[in-house]
Amino acid sequence: RKEVEQDPGPFNVPEGATVAFNCTYSNSASQSFFWYRQDCRKEPKLLMSVYSSGNEDGRFTAQLNRASQYISLLIRDSKLSDSATYLCVVNNQAGTALIFGKGTTLSVSS
Amino acid sequence: DGGITQSPKYLFRKEGQNVTLSCEQNLNHDAMYWYRQDPGQGLRLIYYSQIVNDFQKGDIAEGYSVSREKKESFPLTVTSAQKNPTAFYLCASLLTSGGYNEQFFGPGTRLTVL
């Protein structure tokens, strides 16, 4: 299994739709999990951390399933401005660096 | 304002030349990182440094070199040995606090080899 694996998409959805992204990771000892957002030709920026209990930030909900080594991101009521690439991120085995998935591209249309 | 700066934003070089990409941070973070991103690809780790005067190879270090003489600075040299250097290069630093990690990125340098 790749260290961090995501469905590359693209996901093409209309405004107002709910969309879910999934991610799997290989290192069962990983402790830190994140979703980053990257706009075209820009640097990645932290969208939200992912906690064991799950966490929500407005329209965004992140879930972690340690047993299945699976992370998800749910976006409700999609906006045009949500169009971007979403990167799943997990810390490496030594805990010294973050490993990035290839990203899932979302395109929201009116 | 605290943050990470990278320069230049765009860089062109001739094949066979070495080139150095600058990365400076004023966030007082100990750890710094260099990534490379190719179109449609994720970020791949080139080198990282946990502390001044120390650095480790990442997954794709061949053809690159770094130095960490100051906490604030982590320059990356792309040498002529790097076979396919055209890419988007991102520098990052890591905030660690009570088990929480967050990586902050600079705006990146787009390197094109002519």
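The values are calculated or read from the model by the stated rules, or taken from the named source; none is laboratory data. Quick caveat, the model's predicted, so the values are computed rather than measured. Every residue, glycine as well, gets a Cβ built from its backbone with ideal geometry; the counts of neighbours run over all protein chains shown.
Please specify each residue of the stretch A:76-91 satisfying the condition of being surrounded by 19 or more Cβ atoms within 10 Å (Cβ to Cβ) and either assigned to a loop (DSSP other than H, G, I, E, B) or touching an Asp or Glu at 6+ places or on another chain (Cβ under 6 Å) (or both).
Passing the criteria: A:78, A:84.
Could you figure out which of (1) over 20 Å from residue A:97 (Cα atoms); (2) at pLDDT below 95 isn't true of residue B:21?
Result: residue B:21 fails condition (2) only.
For the stretch A:50-75, which residues satisfy the criterion of being at pLDDT below 95, assigned to a strand (DSSP E or B) and of a type in the set (Phe, Trp, Tyr)?
Result: A:70, single match.
Kindly indicate whether any position in the stretch A:38-59 is more than 10 Å from the chain's Cα centre (by Cα), of a type in the set (S, T, N, Q) and within 30 Å of residue B:9 (Cβ to Cβ).
Checked against the condition, which is being more than 10 Å from the chain's Cα centre (by Cα), of a type in the set (S, T, N, Q) and within 30 Å of residue B:9 (Cβ to Cβ), the stretch A:38-59 yields at least one hit.
Would you mind telling me which numbered condition in (1) assigned to a loop (DSSP other than H, G, I, E, B); (2) free of Cβ contacts under 8 Å to residues at least 24 places away in the same chain; (3) surrounded by 14 or more Cβ atoms within 10 Å (Cβ to Cβ); (4) away from chain B (no Cβ under 12 Å) residue A:43 fails?
Among (1) assigned to a loop (DSSP other than H, G, I, E, B); (2) free of Cβ contacts under 8 Å to residues at least 24 places away in the same chain; (3) surrounded by 14 or more Cβ atoms within 10 Å (Cβ to Cβ); (4) away from chain B (no Cβ under 12 Å), the lone unmet condition for residue A:43 is (4).
Just one of (1) part of a strand (DSSP E or B); (2) out of contact with any Ser or Thr (no Cβ under 9 Å at 6 or more places or on another chain); (3) of a type in the set (A, V, I, L, M, F, W, C) trips up residue B:111, so point out which.
Of everything listed in (1) part of a strand (DSSP E or B); (2) out of contact with any Ser or Thr (no Cβ under 9 Å at 6 or more places or on another chain); (3) of a type in the set (A, V, I, L, M, F, W, C), residue B:111 misses just condition (2).
Of everything in the stretch A:75-94, what is closer than 18 Å to residue B:46 by Cβ, more than 8 Å from chain B (Cβ to nearest Cβ) and either hydrophobic (A, V, I, L, M, F, W, C) or without any contact (Cβ under 8 Å) to a residue 12 or more places away in the chain (or both)? Give them in sequence order.
Once the filter is applied, which keeps residues that are closer than 18 Å to residue B:46 by Cβ, more than 8 Å from chain B (Cβ to nearest Cβ) and either hydrophobic (A, V, I, L, M, F, W, C) or without any contact (Cβ under 8 Å) to a residue 12 or more places away in the chain (or both), the stretch A:75-94 yields only A:94.
Which residues, counting only those in the stretch A:92-110, are within 24 Å of residue A:15 (Cα to Cα), assigned to a strand (DSSP E or B) and not aliphatic (A, V, I, L, M)? Show your work before the answer.
Let us first name the residues in the stretch A:92-110 that are within 24 Å of residue A:15 (Cα to Cα), namely A:103-110.
Add one more test, that the residue is assigned to a strand (DSSP E or B), and what stays is A:104-109.
A:104, A:105, A:107, A:109 - these are the residues of the stretch A:92-110 that are within 24 Å of residue A:15 (Cα to Cα), assigned to a strand (DSSP E or B) and not aliphatic (A, V, I, L, M).
For (1) without any contact (Cβ under 8 Å) to a residue 24 or more places away in the chain; (2) under 19 Å from residue A:82 (Cα atoms); (3) away from chain B (no Cβ under 12 Å); (4) touching a helix residue (DSSP H, G or I) at 6+ places or on another chain (Cβ under 8 Å), each residue gets a yes or a no:
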position	(1), (2), (3), (4)
A:6	no, yes, no, no
A:18	no, yes, yes, no
A:25	no, no, yes, no
A:28	no, no, yes, no
A:32	no, no, no, no
A:38	no, yes, no, no
A:51	yes, no, no, no
A:57	yes, yes, yes, no
A:64	no, no, yes, no
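May I ask you to verify whether residue A:106 is in contact with a Leu (Cβ under 8 Å, 6 or more places away or on another chain) and either surrounded by 14 or more Cβ atoms within 10 Å (Cβ to Cβ) or among the aromatic types (Phe, Trp, Tyr) (or both)?
no
Residues are listed down the side, and each one gets a yes or a no for (1) within 30 Å of residue B:48 (Cα to Cα); (2) in contact with a Ser or Thr (Cβ under 8 Å, 6 or more places away or on another chain):
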| position | (1), (2) |
| --- | --- |
| A:13 | no, yes |
| A:18 | no, yes |
| A:23 | yes, yes |
| A:43 | yes, no |
| A:53 | no, no |
| A:57 | no, no |
| A:73 | yes, yes |
| A:96 | yes, no |
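Test residue B:92 against the stated conditions and say whether it is under 13 Å from residue A:97 (Cβ atoms) and in contact with a Ser or Thr (Cβ under 9 Å, 6 or more places away or on another chain).
So residue B:92 does not fit the description; no.
Please specify each residue of the stretch B:86-97 satisfying the condition of being under 12 Å from residue B:112 (Cβ atoms) and under 13 Å from the mean Cα position of the chain (by Cα).
B:87, B:88, B:89
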